[in-house]
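Readers should treat all values here as calculations from the given coordinates under stated rules, not as data from a laboratory. Predicted model only: the values in this text are computed from it and were never measured. Note: ideal-geometry Cβ built from the backbone for every residue, glycine included; neighbour counts use all protein chains shown.
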Amino acid sequence: MKITHFSLSLSTTGNTDIVDITGDVMKKLAQADIANGNVLLFIPGSTASLTTIEYERGVIEDLREAVERIAPRDIYYRHNERWGDGNGYSHVRAALLGPSLTIPVIDGHLILGTWQQIILIDFDNRPRTRRIVGQVTGK
């Protein structure tokens, strides 16, 4: 069993910025030289999430609108009283979608559907530099 680690760093605009990171993860997988196993991705922080989606303009906007309906930015959040940063909604959104993702690797390829891409969603109310930590395990 082999285990390798990597990290990705990218700038986001916040405000439910959705970034396709599939290509970056594929490059890191190729460097890991693992044919069969898993890629684990994790984003440290409590205002961003990782998931998969068809990275297409219509679906991206549908996702943004759905997230806004589930955890609207313009309602009362207790977090805002404590910290005064106005991003209570971003913590709730990130908690609902989660900070990690695991993708199987078979014959050196990520097992994703034809229209399935890996995305980072930054829910915070300001631009950020986000770090994604990855771990490739297998042989």
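Things to note:
- Options [x] 58; [y] 39; [z] 48 - which one matches percent of Cα pairs over 20 Å apart as calculated here: [z]
- Normalised contact order of the chain, rounded percent, pairs of Cα under 8 Å and 6 or more residues apart: 54
- Relative to the Cα centre, the charge distribution of region 2-138, modelled as +1 at Lys and Arg Cβ and -1 at Asp and Glu Cβ, gives a dipole magnitude of about 460 debye.
- Across region 37-43, rounded Karplus estimates of 3J(HN,Hα) from the backbone phi angles (6.51 cos²θ - 1.76 cosθ + 1.60, θ = phi - 60°) give x, 9, 10, 9, 10, 9, 10 Hz, Gly and Pro being marked x.
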